[in-house]
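Novice: Below are the C-alpha cells for one structure; questions will follow.
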Amino acid sequence: MSSGATDDRGSATVTGCCALAALVMVTALLVHVGSAVSVRHRAQSAADLAALAAAVGLDRGTDAACAAARDVAGRMRTEVVSCEVDDWDVEVAVTAPVLLSSLGVRDARAVARAGPAE
C-alpha cells in the first residue's frame, strides 16, 4: 500500500471539473457578448428604418416626421432619443435596452441619417 501522499486517484475528476467550469464561463461570456451585439444590430436597424420613415414623412411637417420615426422605432422595441430635421435631412438616434447580468441593464445606441440624394 502507498502512503497516500503520492496517490493521484481522482485527479482526473478534479481536472475535468475545472475544465467544465471554464467551459461554462466562456459559454456564458459568449452568450452575453452575442446578446449585446444582437441588440446593437437591432438598434441600428431601427434607427435606419426610423430615419427613412421620418424622411418620407417630412412633407407633412417636422412633428409628423418625428412621430413616424417614433412609431417605427417603437414597433422594433427601441426608443427614439432624438429626432433632428435639417432642411430635408433627418437624423434619428435610438436606444435599445441590453441586459448584461451583473452589470445591469445598459442601452445600445444607434444613429442614422436619411434624406434626398444629392
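Novice: Please identify the pairs in which a residue from segment 102-113 that is in contact (Cβ under 8 Å) with a residue 40 or more places away in the chain has its Cβ atom under 6 Å from the Cβ atom of a residue that is of a type in the set (S, T, N, Q), counting only partners at least 6 apart or on another chain.
Specialist: Arg109/Thr95; Ala110/Gln44
Novice: Taking Ala36, is it modelled with pLDDT of 95 or more, in contact with a strand residue (DSSP E or B) (Cβ under 7 Å, 6 or more places away or on another chain) and small (Gly, Ala, Ser)?
Specialist: So Ala36 fails the test.
Novice: Next question, about the same structure. Suppose we keep only residues that are loosely packed, with under 15 Cβ neighbours inside 10 Å and more than 15 Å from Ser38 (Cβ to Cβ) within segment 83-100. Which one would you say is modelled with the highest pLDDT?
Specialist: Taking the candidates together, the pick is Glu84.
Novice: Here is a follow-up. Kindly indicate whether any position in segment 12-30 is of a type in the set (Gly, Ala, Ser), within 25 Å of Arg113 (Cα to Cα) and out of contact with any Cys (no Cβ under 7 Å at 6 or more places or on another chain).
Specialist: For segment 12-30, residues of a type in the set (Gly, Ala, Ser), within 25 Å of Arg113 (Cα to Cα) and out of contact with any Cys (no Cβ under 7 Å at 6 or more places or on another chain): absent.
Novice: Among the residues of segment 59-91, count how many are in a strand (DSSP E or B) and aliphatic (A, V, I, L, M).
Specialist: Selection size over segment 59-91: 4.
Novice: Test Cys66 against the stated conditions and say whether it is out of contact with any Asp or Glu (no Cβ under 8 Å at 6 or more places or on another chain) and surrounded by 19 or more Cβ atoms within 10 Å (Cβ to Cβ).
Specialist: Criteria met by Cys66.
Novice: Still on this structure, please answer the following. Residue by residue through segment 101-116, note down the ones that are in a strand (DSSP E or B) and surrounded by 12 or more Cβ atoms within 10 Å (Cβ to Cβ).
Specialist: Listed by number, the residues that qualify are Arg106, Asp107, Ala108, Arg109, Ala110, Val111, Ala112, Arg113, Ala114.
Novice: Can you say whether Ala108 is among the aliphatic types (A, V, I, L, M) and under 15 Å from the mean Cα position of the chain (by Cα), as far as the supplied structure shows?
Specialist: Answer is yes for this residue.
Yes/no matrix, rows are residues, columns are (1) surrounded by 10 or more Cβ atoms within 10 Å (Cβ to Cβ); (2) of a type in the set (A, V, I, L, M); (3) modelled with pLDDT of 90 or more:
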{"residue": "Arg9", "(1), (2), (3)": "no, no, no"}
{"residue": "Thr15", "(1), (2), (3)": "yes, no, yes"}
{"residue": "Cys18", "(1), (2), (3)": "yes, no, yes"}
{"residue": "Ala22", "(1), (2), (3)": "yes, yes, yes"}
{"residue": "Met25", "(1), (2), (3)": "yes, yes, yes"}
{"residue": "Ala28", "(1), (2), (3)": "yes, yes, no"}
{"residue": "Val31", "(1), (2), (3)": "yes, yes, no"}
{"residue": "His41", "(1), (2), (3)": "yes, no, yes"}
{"residue": "Ala47", "(1), (2), (3)": "yes, yes, yes"}
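The values are calculated or read from the model by the stated rules, or taken from the named source; none is laboratory data. Being a predicted model, the structure only gives us computed values, none of them experimental. Here Cβ is always computed from backbone atoms with ideal geometry, including for glycine, and neighbour counts include all displayed protein chains.
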